[in-house]
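Report on the structure given below.
The values are calculated or read from the model by the stated rules, or taken from the named source; none is laboratory data. Given the structure is predicted, the values throughout are model-derived calculations rather than measurements. Cβ atoms come from the backbone with ideal geometry, glycine included; neighbour counts cover every protein chain shown.
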Amino acid sequence: MASAALICDSEPWKDLKEHVNVIEKKHLRDLMNDVERCQSMMVEIDGILLDYSRQRVRLDTIGKLLKLAEAARLRQKIDMMYNGDHINSTENRSVLHIALRAPRDKVICSDGKNVVPDVWYVLDKIKEFSERVRSGSWVGATGKALKDVVAIGIGGSFLGPLFVHNALQTDPEAADCARGRQLRFLANVDPVDVARNISGLNPETTLVVVVSKTFTTAETMLNARTMREWISSALGTQAVAKHMVAVSTNLTLVEKFGIDPANTFAFWDWVGGRYSVCSAVGVLPLSLQYGFPIVEKFLNGASNIDNHFYSASFERNLPVLLGLLSVWNVTFLGYPARAILPYSQALEKFAPHIQQVSMESNGKGVSIDGIPLPFETGEIDFGEPGTNGQHSFYQLIHQGRVVPCDFIGSIKSQQPIYLKGEVVSNHDELMSNFFAQPDALAYGKSPEQLLQDSVPDHLVPHKLLAIYEHRIAVEGFIWGINSFDQWGVELGKVLASQVRKQLHLSRTKREPVQGFNFSTTTLLTRYLEVEPGTPSDSTMLPRV
């Protein structure tokens, strides 16, 4: 691979550095008045509509970023990843989380061996085991069905599965499949976390899943020993084999711990922990809670994005566009942070998961060749579901510092509510803020406007996750780093009121959307195309 030191010496890089001076003379409100520009900055792929018109870019900026991608050999680096090359050079490993959700007939090789059959061997084993537990054919030491699962892991063995679990909890189909069951995640070595996780649980009906590749992770193993004591003190030491299983590669230590090696589910060194939610790390506990068919849908959605990332032209490639925009914001415009703002409570654990995937992957100051980087890389990721964040940190974003934001909305709610007498439904109230806040940030108010004023979520977590995984890879490929080794708020309220009024008029009197910029008009119109309460696939509305 070309070294990171070379990319900042390339002509496209220098061209972008000069281009910053041009962009800094333009206010976003002026850019947003260009309808052709805004129209070209909307890309829709399989129900996911990306609108990046509020980024500080012109049409030629995107062209320059695509030239930078060419100079950084982005296409070749993506091919190398998909071909199983050891792009994790410091650990001499392939990077193949794409294989974890590949179809059975796909050929993806690492060191000359197709790894897909191994993946499906474990997936089939998880399916069979989870069905036995869920049906009651696998019972605990006292003959009682195992209805509750505690998954022990930390970092990537915890944040990803927890995100997906939270996203599925309120999905009607998944919730129905999980009826009568509980899934809890134990990560912190703080005994308070243990106490909270076992509160209300009965050892007789509890199954513990210990997730540790080496079975030596200190926090995880202490928590595992604590849960083992909880089980054995109540049911006897012989009960451990019936109430504890493992996700690990160290069968010797698993057996020594007291877990039957036959009840161990493998994963591989070409899977980084923060990318492992699609492996047994996530699939096993999630299948025990929701059933394998539900989890398989999640895997299929991620695979869909894997194919899109590999085959789509860069001009319409969601992860590539998002990755290039992040490089532009961080390295060229000098914005170190990014806010991830999902207007869906089901995505409340999305920002913490991406925080780890992104900051652990790209939080590096040397190139893949070990050369200190003369430019900034990586993003400080934070976030909170809307509208909670609006009453927390949005003030700083509006008037304190420039923070690029990812607004994520869903056209349909998992749990729609419409109270009699209310102007709009609960979900429309939420989405009023989703549409208003990006415009509040993009436009702000001119001095003239201020003088006139008296101024004292159905969900697609599978595709969203894969988009962010690949976006992070793109950033690393461009920067030349190894991503795989380890008062403004009030204005937002005013704009939300305008959106709320429009939603009410459109829902009740079929009045067309008007009085907004092209981007907001387009997204609002698209949002209104789906009648509340009608069964259909949701569309995510990312706005960055």
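Computed quantities for the displayed model
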{"quantity": "Strands (runs of 3 or more DSSP E) within the stretch 119-212 that include 3 or more residues touching a Leu at 6+ places or on another chain (Cβ under 8 Å) and among the small types (G, A, S)", "calculated": "none"}
{"quantity": "Members of the stretch 186-211 found to be modelled with pLDDT under 95 and either within 21 Å of F129 (Cα to Cα) or of a type in the set (A, V, I, L, M) (or both), listed by number", "calculated": "V189"}
{"quantity": "Residue count, the stretch 369-394 (criterion: among the small types (G, A, S) and more than 19 Å from the chain's Cα centre (by Cα))", "calculated": "2"}
{"quantity": "Residue among K67, K17, K26 that alone is among the charged types (D, E, K, R), part of a loop (DSSP other than H, G, I, E, B) and in the same structural domain as L441 (by TED's automatic domain parsing)", "calculated": "K26"}
{"quantity": "Of all residues in the stretch 363-421 being of a type in the set (S, T, Y) and touching a strand residue (DSSP E or B) at 6+ places or on another chain (Cβ under 8 Å), the one that is surrounded by the fewest Cβ atoms within 10 Å (Cβ to Cβ)", "calculated": "T387"}
{"quantity": "Among the candidates S311, S303, residue that is crowded, with 21+ Cβ neighbours inside 10 Å and hydroxyl-bearing (S, T, Y)", "calculated": "S303"}
{"quantity": "Search result, residues across the stretch 495-526 that are among the aromatic types (F, W, Y) and touching a Cys at 6+ places or on another chain (Cβ under 6 Å)", "calculated": "F518"}
{"quantity": "When residues of the stretch 29-53 are limited to those that are assigned to a loop (DSSP other than H, G, I, E, B) and out of contact with any Ser or Thr (no Cβ under 7 Å at 6 or more places or on another chain), the one farthest from N329 (Cα to Cα)", "calculated": "D46"}
{"quantity": "Out of G386, G334, G378, G370, sole residue that is at pLDDT below 90, in a loop (DSSP other than H, G, I, E, B) and on the phi > 0 side of the Ramachandran plot", "calculated": "G370"}
{"quantity": "Residue satisfying condition, being under 27 Å from D124 (Cα atoms) and touching a Cys at 6+ places or on another chain (Cβ under 8 Å), within set G291, G272, G258, G282", "calculated": "G291"}
{"quantity": "Counted residues, the stretch 215-270 - those being touching a strand residue (DSSP E or B) at 6+ places or on another chain (Cβ under 7 Å) and of a type in the set (D, E, K, R)", "calculated": "2"}
{"quantity": "Identity of the residue in the stretch 47-71, small (G, A, S) and over 25 Å from the mean Cα position of the chain (by Cα), that ends up surrounded by the most Cβ atoms within 10 Å (Cβ to Cβ)", "calculated": "A71"}
{"quantity": "Subset of the stretch 356-367 that is in contact with a helix residue (DSSP H, G or I) (Cβ under 8 Å, 6 or more places away or on another chain) and assigned to a helix (DSSP H, G or I) - its residue that is farthest from F163 (Cα to Cα)", "calculated": "N362"}
{"quantity": "Criterion: hydrophobic (A, V, I, L, M, F, W, C) and modelled with pLDDT of 95 or more - qualifying residue of V247, V271", "calculated": "V247"}
{"quantity": "Boolean, I87 is out of contact with any strand residue (DSSP E or B) (no Cβ under 8 Å at 6 or more places or on another chain), among the β-branched types (V, I, T) and not assigned by TED's automatic domain parsing to the domain that holds T522", "calculated": "yes"}
